[in-house]
Structure formats: C-alpha cells, structure tokens
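Q: The structure under discussion is supplied below as structure tokens; questions concerning it will follow.
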Amino acid sequence: MVSPQQAQKILYVEDDPVCRELVRDTLGYRGYQMLLAADGRSGLRMAQAERPDLILLDLGLSDLDGLEVTTYLRGLPGHRKTPIVALTGRTQAGDREQALSAGCNGYIPKPFSVNRLPDQVAAYLAGHREYLSQKEETKFLRAYNHRLVKRLEDKISELDQANEALREAHHAMQKLDKMKSDFITLAAHELRTPISVVHGYAYLLTTRSEGNYSLSSEEMVQSILQASGQLNKTINDLINVANVEVGEIELFLSPSQIDYLVEAALNELSPLSQGRHLSIELIGLGDLPIFEGDLQQLQQVFWNLLSNAVKYTPDGGQIRVWGRQVEAMLEVVVEDSGIGIDPKNHETIFERFTVLEDVLYHSTSTTSFMGGGLGLGLYIARGIVEAHGGRLWVESERYDPQQCPGSKFRVRLPFAPAAAPSRNS
Ligand code: ADP
C-alpha cells in the first residue's frame with residue numbers, strides 16, 4: 001500500500017544509467033515519485049522546477065561536481081532545507097566529511113544495499129541528519145573552499161585558452177577569406193586572358209578577308225594553341241589540387257630517368273622563357289640511377305619548380321639543376337639566383353593558394369619576372385612528391401629582391417616508392 005508519505009518526490013542525479021534505473025526501481029516500487037537527471041546541470045534545473053522532497057546525488061558527475069550542485073542548491077531559498085543525500089562511489093577517507101561540509105544531510109556509499117535504501121531514504125525524509133564536529137566542519141569547509149577557488153581558476157584559464165583559440169581561428173578565417181578573394185581574382189584573370197586570345201584570333205581568322213593583319217594565319221593559330229594549352233594547364237592544376245586535397249593522386253609507375261624528366265620540363269618551358277636571358281644548367285643528372293616514378297606527374301613537379309625559378313629570378317640570372325644519390329633516395333636540387341624566400345614563409349608557400357606577392361603583380365605569363373600564379377604549383381608539387389614517398393622543401397637565406405640571395409628547392413625521391421598507389425603494381 002502506498003501511504004501519502006511514500007508518494008513524495010525524489011530527484012536522483014546520476015550519470016550512470018544502470019545505477020539510475022536500479023534506484024528508480026528500488027524506490028519507485030516503494031511508491032515514491034522518482035525524477036531522474038543524468039548530469040549536474042539538468043539536476044539543478046529539475047530541482048528548481050519540481051521542488052522535490054529529497055535529492056539523491058552522485059558526487060562524481062561529468063559536468064558540475066555533486067558537491068558544487070549541493071552548494072548551489074543550498075544558496076536557493078527553496079532548497080535551504082531540502083534533504084540532499086550523497087549516494088556516491090567516492091569512499092576515500094574524508095569524502096563523507098567533505099560531502100557533509102558542502103551541505104549534504106547524509107552520505108550513502110556505493111555499493112548501497114537495495115534492502116536498506118528505502119529505510120535510509122525514509123529516515124532522511126523524516127528529518128535525520130548527519131553532523132560533523134565544529135572542528136571537522138571548519139577543516140573540511142576550508143579544504144572545500146580551496147578546491148572551489150582552484151576549480152574556478154582552472155575554468156578561467158580554460159576560458160582564456162578557448163578565447164585565444166577563438167582569436168586564432170578568427171585570424172585564420174580572415175586570412176582564408178583574403179586568400180579566397182585573391183584566388184577568385186587570380187583565377188578569373190588566369191582564365192579570361194587566354195580565352196580572350198582564343199576568341200580574338202579565332203574571330204580574326206574567320207574575318208580574314210576583311211582586313212590586313214600583321215600576323216599570318218599560322219601565327220594566329222600558334223597563339224590559339226598556346227592560349228588553349230595555358231587554359232588546359234590551369235584546369236589541370238585545379239583538378240590536381242582537388243586530388244592532392246583528398247590524397248588521391250594516382251601514380252602510373254615506370255622506370256624513369258631523372259635527366260629525361262627535367263629536360264622534358266625544360267623543353268616545355270624554354271619557348272616561354274625566351275627573352276629572359278637566364279642561364280639554365282643541368283649538372284650530373286645523367287649519371288643518376290634509374291628509379292620508379294610517374295613520368296608525367298614528376299615532369300609537372302619539375303615544370304612547377306623550374307617555372308618558379310624562372311619567374312622569381314631577374315633577367316640575366318642563373319638556374320642550376322643538379323642531383324645526387326643520398327642513401328636510398330635520389331636528390332634533385334633546383335637552385336636559382338632569384339629574390340629568395342623569407343624563412344618564415346618556407347612552409348606557407350607549400351600551402352594551397354599561397355601567393356606572397358601582391359595580387360596586383362599577377363601576370364598570366366608563366367615566366368615573366370615576379371609574375372605570380374594561382375599559388376597552387378608548390379602545393380601540387382609537394383603532393384606528387386609525397387605520393388611517391390618522397391620529400392620536397394625549400395632552403396633560402398632571406399627575401400631580398402635587390403641582392404637576390406636565391407633559393408634551393410630540394411626534391412628527394414625513393415628509388416622504388418614502397419606504398420605508393422599504382423595501377424601497374
Ligand atoms: P604560383 O603558381 O603562384 O607561383 P607556387 O605555389 O608555385 O604558386 O608558389 C607560391 C609562392 O612561393 C609564390 O607566389 C612565390 O611567392 C613563392 N616562390 C615559389 N618559388 C619561388 C622561388 N624560386 N623564388 C622565390 N619565391 C618563390
């Protein structure tokens with residue numbers, strides 16, 4: 001039979017679901033109305049909204065500590081006298097005293113006895129209360145206060161750190177936003193210029209009879225071919241960036257000769273760099289052993305490095321490409337006598353969309369001095385080298401467009417990429 005006394009409300013705050021169910025069933029069976037909360041904050045909310053007759057509280061909650069919940073409740077007018085009983089697995093020496101000094105009426109250690117729990121609860125509801133001696137109370141209260149202040153301090157420093165992280169994230173977002181706007185400006189320029197060439201010359205060719213032009217038809221067709229090649233390269237770069245981003249560079253491995261690769265990249269670049277009066281020297285590449293690599297992708301790596309060397313070296317400068325064997329790796333260095341790179345940017349230049357120069361300097365030409373590009377070349381180059389299991393990095397003393405200290409881009413490739421994905425393997 002459920003007596004009116006047993007129909008009282010009990011709030012149980014406990015984060016362990018099994019324990020919650022057990023207590024709910026044990027006390028619910030005795031006719032108590034059970035309210036359950038899984039953490040300290042929802043416990044506080046329920047205590048204020050439901051005004052339970054007794055609160056059973058786990059002390060080791062995940063958010064607010066059970067002692068803190070007690071202290072907070074004791075400060076509310078509606079809960080100064082509500083019996084709050086710690087039902088806890090904290091059973092070290094001093095845990096009981098700490099619970100009582102924080103404001104609990106009683107303390108039931110876990111594992112509790114299912115048989116005795118209803119009687120214990122009934123006693124607390126009837127006004128039973130455990131007391132500490134004055135001396136104990138002062139001692140534990142002091143320790144508890146100290147702990148509270150320490151928790152507060154920790155929280156404040158956590159908040160400070162979170163604030164700092166937010167500030168950094170905000171700064172990174174602003175940087176990304178600027179990179180995005182610059183990229184859109186550059187990409188539009190990079191696409192629009194060759195399209196104008198293709199469109200312009202195609203138009204002139206169709207209306208040939210109407211005018212006398214300084215260029216022959218063959219020359220116009222050559223310009224169209226060159227511009228469409230440029231468009232193709234830009235689009236390939238965009239696709240390659242997407243592939244590097246998701247780590248999906250597919251390698252078609254075959255026996256490769258490094259001098260062949262570098263020369264092929266150079267041949268592609270030479271017609272474009274005519275008029276820049278640069279001396280380009282290949283040293284000792286023919287002596288290096290054959291290795292396994294993706295010819296087309298590695299040619300792109302050297303094209304990117306060489307076109308950068310051309311772009312960032314003033315007229316009359318020197319570019320040297322030399323290689324050697326370093327243990328089980330093949331090392332190729334692309335060295336220029338150009339403007340150099342500040343050490344603080346040695347890593348950032350390998351990030352997507354990083355262009356150190358002002359966007360205003362941008363030129364669609366892949367070889368004009370300091371022409372700048374889309375800021376994708378090094379990101380793609382490193383992605384390809386790493387897909388081979390190799391490394392690519394830069395060495396340069398400083399950025400100095402007057403004195404031109406130069407830069408060295410070092411590529412290291414294994415002779416046989418171990419885990420590189422390949423259709424041929
Ligand atoms: P982009 O296509 O714009 O040249 P990259 O990813 O190839 O982009 O290069 C990123 C940036 O690194 C360039 O904008 C340039 O500032 C710097 N950089 C690359 N290579 C060199 C070099 N050889 N000398 C000086 N700066 C360079």
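Derivation of every value follows stated rules applied to the coordinates shown; laboratory data play no part. This one's a predicted model, so the numbers in the text were calculated from it and none came from an experiment. We place every Cβ from the backbone using ideal geometry, glycine too, and count neighbours over all the protein chains shown.
Q: Fewest to most neighbouring Cβ within 10 Å: what's the order for Phe350, Phe291? Kindly include the intermediate steps, with their values, before the conclusion.
A: Numbers: Phe350 18, Phe291 21.
Neighbour counts put them in this order, fewest first: Phe350, Phe291.
Q: Checking the cross-link filter: which lysines have an alpha carbon closer than 18 Å to that of Lys9, excluding same-chain neighbours under 8 positions apart?
A: Lys81
Q: Using the Cα centre of segment 186-313 as the reference point, and only Cβ charges (+1 on K/R, -1 on D/E), how large is the resulting charge dipole? Debye, rounded to the nearest 20.
A: Numbers: 5 positive and 15 negative charges, 122 e Å.
Computed about the Cα centre, the dipole is about 580 debye.
Q: What are the residues whose amide H is under 5 Å from the amide H of Gly338, where those residues sit 5 or more places off or on another chain and H is modelled from the backbone?
A: Amide H neighbours of Gly338: Gly406, Ser407.
Q: Per q in 0.24 1/Å, what log10 I(q)/I(0) does a Debye calculation on the alpha-carbon atoms of segment 270-310 return?
A: -1.01
Q: Now for a separate question. ³J(HN,Hα) across segment 229-238 via Karplus (A = 6.51, B = -1.76, C = 1.60, θ = phi - 60°), whole Hz, x for Gly/Pro?
A: Along segment 229-238, the couplings run x, 5, 4, 4, 5, 4, 5, 4, 4, 5 Hz.
Q: Can you find, among Gly340, Ala162, Gln297, the residue sitting farthest towards the positive end of the charge dipole of the chain, where Lys and Arg contribute +1 and Asp and Glu -1 at Cβ?
A: Ala162
Q: Could I ask something else about it? Once the Cα atoms of segment 143-189 are picked out, what are the Rg and Dmax in Å?
A: 20.2, 68
Q: Looking only at Leu238, Leu36, Leu251, which one moves most when the chain is put into a Gaussian network model with springs between Cα atoms under 10 Å?
A: Leu36
Q: Rg to Rh for segment 16-167: what is it, with Cα atoms only and Rh by Kirkwood? The partial results should precede the final answer.
A: Values: Rg = 16.5 Å, Rh = 16.5 Å.
Ratio value, two decimals: 1.00.
Q: Hey, what do the phi angles of segment 102-119 turn into as Karplus ³J(HN,Hα) couplings, whole Hz, using 6.51/-1.76/1.60 and θ = phi - 60°, x for Gly and Pro?
A: Each residue of segment 102-119 in turn: 6, x, 6, 7, x, 9, 10, x, 8, x, 8, 8, 4, 5, 8, 3, x, 5 Hz.
Q: Now for a separate question. Counting other beta carbons within 10 Å of each residue's own, what order do Asp342, Asp15 fall into, fewest first? Can you show the working numbers first?
A: Details: Asp342 14, Asp15 17.
Taking fewest neighbouring Cβ atoms as first place, the list is Asp342, Asp15.
Q: Let me ask you something else. Ordered by residue, what ³J(HN,Hα) values in Hz, to whole numbers, does segment 314-320 give under the Karplus form 6.51 cos²θ - 1.76 cosθ + 1.60, where θ = phi - 60° and Gly and Pro are x?
A: Per residue, the Karplus-derived 3J(HN,Hα) values read x, 3, x, x, 10, 10, 10 Hz.
Q: Something else: Loop-only check: which GluC sites (Glu not before Pro) in segment 268-338 are DSSP coil with at most 13 other Cβ within 10 angstrom?
A: Values: sites: Glu268, Glu281, Glu292, Glu327, Glu331, Glu335; in loops: Glu327.
Passing both the DSSP loop test and the Cβ count: Glu327.
Q: While we're on this one: Can you give the local net charge around Val411? Use residues other than it whose beta-carbon is closer than 9 angstrom to its beta-carbon, Lys and Arg +1, Asp and Glu -1.
A: On the way: positive: Arg391, Arg410, Arg412; negative: Glu331.
Surrounding charge for Val411 is +2.
Q: Just to compare against my own numbers: the Cα pair-distance distribution for segment 225-277, 10 Å bins, whole % per bin, please.
A: 19, 33, 41, 7
Q: Over the Cα atoms of segment 66-126, how large are the radius of gyration and the largest Cα-Cα distance (Dmax), in Å?
A: Spelled out, the Cα radius of gyration and Dmax of segment 66-126 are 11.8, 34 Å.
Q: Can you pull the semi-axes for segment 182-236, root of five times each eigenvalue of the Cα gyration tensor, sorted largest first, whole Å?
A: 26, 11, 7
Q: Let me ask something else. If you take the square roots of the eigenvalues of the alpha-carbon gyration tensor of segment 136-270 and sort them as a ≥ b ≥ c, do you get rounded (a/c under 1.5), prolate (a/b over b/c) or oblate?
A: Working: a/c = 6.47, a/b = 2.78, b/c = 2.33.
Note, shape of segment 136-270 comes out prolate.
Q: Using a Gaussian network model on the chain with a 10 Å cutoff between Cα atoms, which of Gly229, Gly127, Gly103 fluctuates the most?
A: In this elastic network of the chain, the residue with the biggest mean-square fluctuation among Gly229, Gly127, Gly103 is Gly127.
Q: Please express the Cα-Cα pair-distance distribution P(r) of segment 282-355 as a list of whole percents, one per 5 Å bin, running from 0 to the bin with the greatest distance.
A: Calculated over all Cα pairs of segment 282-355, the distribution is 3, 13, 18, 25, 20, 14, 7, 1 percent.
Q: Per residue of the chain, what 222 nm ellipticity follows from adding -39500 (n - 2.57) for every DSSP H run with n ≥ 4, rounded to the nearest 500?
A: Numbers: 10 runs with 196 residues, N = 425.
After summing the helix terms and dividing by residue count, I get -16000 deg cm²/dmol.
Q: If you average 1/r over all unlike Cα pairs in the chain and invert the result, what Kirkwood radius do you get in angstrom?
A: Working: mean 1/r = 0.0354 Å⁻¹.
About 28.3 Å for the chain.
Q: List the lysines whose alpha-carbon lies under 30 Å from that of Lys233, not counting same-chain residues fewer than 8 positions away?
A: Cα-Cα hits under 30 Å: Lys175, Lys178, Lys180, Lys311, Lys344, Lys408.
Q: Can I ask one more? Between Ala188 and Val221, what is the FRET efficiency for a Förster distance of 22 Å, r being their Cβ-Cβ separation, to the nearest 0.05?
A: My answer for the efficiency is 0.25.
Q: Going from the alpha-carbon gyration tensor of segment 109-192, what semi-axes, largest first and in whole Å, does one get by taking the root of 5 times each eigenvalue? Don't skip to the end; give the middle numbers.
A: Details: eigenvalues 771, 90, 13 Å².
For segment 109-192, the semi-axes come out at 62, 21, 8 Å.
Q: List the trypsin sites (Lys or Arg not before Pro) in segment 6-49 that DSSP assigns to loop (not H, G, I, E or B) and whose Cβ has at most 10 other Cβ atoms within 10 Å. Which are they? Intermediate values should be presented prior to the final figure.
A: Details: sites: Lys9, Arg20, Arg24, Arg30, Arg41, Arg45; in loops: Arg30.
Sites meeting the loop and neighbour criteria: none at all.
Q: Still on this structure, please answer the following. For a quick check: with amide H placed at 1.01 Å from N, whose amide H comes under 5 Å from Asp39's, ignoring anything fewer than 5 positions away on the same chain?
A: HN-HN under 5 Å from Asp39: Glu14.
Q: Considering only DSSP beta bridges whose two residues both sit in the chain, what percent are antiparallel, to the nearest 5?
A: Numbers: 24 of 46 bridges.
Percent antiparallel among DSSP bridges in the chain is about 50.
Q: Please list the non-local residues whose amide H lies under 5 Å from the amide H of Ile319, H modeled 1.01 Å from N, same-chain partners needing a gap of 5 or more.
A: Ser279, Ile280, Glu281
Q: Between Ala143 and Ile290, how many nm apart are label points set 7 Å from Cα along the C-beta direction?
A: Taking the simple label geometry, Ala143 and Ile290 are separated by 7.8 nm.
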